[in-house]
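J.: Sending over a structure as structure tokens; questions will come in a sec.
The numbers here are math on the coordinates, done by the rules we state, and not lab data. Computed from a predicted model, the values in this text were never measured in an experiment. Heads up, the Cβs are rebuilt from the backbone with ideal geometry, glycines too, and the neighbour counts pull from every protein chain shown.
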Ligand code: PLP
């Protein structure tokens, strides 16, 4: 027997976490590295959430296990929040609280997939999705969109990728890594197509509140209500409330699926940390003012980074309408000579940039689409400006 199972040995470790670890190590050595790798807001968790967590810690009632599916009050608040924010009406029994959005992703696949079931995966995709699908025994089938369509796939592309084995479409809008936000009409077309072919939809709405300009977040089961019985909505407090480390996410879905996923959770982790659930309750039951302030700050940086990236020769950057990422193409720079090297793909170019400019970006390889970089703009504006200037200066040497 091999020491490590084939299932786990077959996983690619998270590239975004790897970039982040490199940045942390270089910073610890005293290097002036600027990191665009981290997918987390740089704001503190709001005060009222901290206060609720502190009070929760002091109350012995919160020192034990909670119900596996989550605190009843939290499930109720999440149902109310879902109606408030996306107009989707659900019962508290349709909510399962998970250890972050990441576990929501994995549990959703584990609950729906049998070995060999295919999942249509829209690329560029968040790096965890394909690994999560494979872990659950499923087969990711990539459907790719590029910058020429603003990274939006069409129903024709989905139909071309559909087979007898297609069980699930994984949908993510606003998107990590592209920041693309699907317009209502396209969501409607996709939802109707899924309904017609008996396909399930898992829709990851973790960036729901981070939309800019005229973009609006539309929840698929609201746009196409007949899909409500075959849709799982994934979400979490990490991005909206700057609570990445608190590890609270959730799945919303039909009762039978939530019941099955809860049964799995009773063995998987028992429950999400009691105190974290109390903190999440304060976050989702609270007002959205803080969220709107963060969004306004992100918006300023978004405009800045897009305009700066667009000025770099060879860099093509569509304007992202959501999340906190820019996803420019760097294809025109590849194969050119920079400081005696000739990076042939975005992985090599990202490596060169880290060594020569001390700036960390995540190469498109991590998202299923080589030839691109993901820049997270969840960092201070002065660092953002300095970082993009360094990248621009280095890439301008390409010949
Ligand atoms: N979904 C998407 C699209 C994400 O980008 C992330 C985080 O990067 C998550 C889910 C999971 O977030 P968390 O596990 O921190 O709640």
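J.: Return an integer: the convex hull volume of the alpha-carbon atoms of the stretch 47-287, in Å³ per residue.
T.: Dividing the Cα hull volume of the stretch 47-287 by its residue count gives 113 Å³.
J.: Now for a separate question. Fewest to most neighbouring Cβ within 10 Å: what's the order for 310, 86?
T.: Arranged by neighbour count, lowest to highest, 310, 86 become 310, 86.
J.: Most mobile of 36, 367, 88 per a Gaussian network model of the chain (Cα springs, under 10 Å)?
T.: Per the Cα network of the chain with a 10 Å cutoff, 88 tops the list.
J.: Assuming a ≥ b ≥ c are the square roots of the Cα gyration tensor eigenvalues, decide whether the stretch 47-104 counts as rounded (a/c under 1.5), prolate (otherwise, with a/b larger than b/c) or oblate.
T.: Note, shape of the stretch 47-104 comes out prolate.
J.: Which of 181, 19, 300 moves most in a GNM of the chain, Cα contacts under 10 Å?
T.: 300
J.: Further question on the same structure: Counting DSSP beta bridges in the stretch 47-287, what percent are antiparallel, to the nearest 5?
T.: In the stretch 47-287, DSSP labels about 30 percent of beta bridges as antiparallel.
J.: Does anything in the stretch 303-342 have its amide N under 15 Å from the 7 Å Cα→Cβ label point of residue 348, and if so which residues?
T.: Zone members listed by number: 331-342.
J.: Further question on the same structure: Per residue, how much space in cubic angstrom lies within the convex hull of the C-alpha atoms of the stretch 78-135?
T.: Taking the convex hull of the Cα positions in the stretch 78-135, it is 115 Å³ per residue.
J.: Okay, next question. Can you give the alpha-carbon Rg of the stretch 73-172 over 2.2 N^0.38 Å, where N counts its residues?
T.: 1.23
J.: As a footprinting exposure proxy, order 269, 317 by other Cβ within 10 Å, with the fewest listed first.
T.: Ordered by Cβ neighbours within 10 Å, fewest first: 269, 317.
J.: Highest GNM mean-square fluctuation, the chain, Cα pairs closer than 10 Å: which of 87, 340, 371?
T.: Taking springs between Cα atoms under 10 Å, the residue moving most is 340.
J.: Further, regarding this structure: Would you kindly compute the Cα radius of gyration of the stretch 233-374 and its largest Cα-Cα separation (Dmax), both in Å?
T.: Considering the stretch 233-374 through its Cα atoms, Rg and Dmax are 20.4, 60 Å.
J.: A follow-up question, please. Sort the stretch 171-273 into rounded, prolate or oblate with this rule: let a ≥ b ≥ c be the square roots of the eigenvalues of the Cα gyration tensor; rounded if a/c is under 1.5, and if a/c is not under 1.5, prolate when a/b is larger than b/c, oblate otherwise.
T.: Judged from the Cα gyration tensor, the stretch 171-273 comes out oblate (a/c at least 1.5, b/c at or above a/b).
J.: For a footprinting-style exposure proxy, rank 376, 89 by other Cβ within 10 Å, fewest first.
T.: Starting with the residue having the fewest Cβ neighbours, the order is 89, 376.
J.: Hey, another quick one. Relative to 2.2 N^0.38 Å, what does the C-alpha radius of gyration of the stretch 126-192 come to as a ratio? Two decimals please.
T.: In units of the globular-protein estimate, the stretch 126-192 measures up at 1.13.
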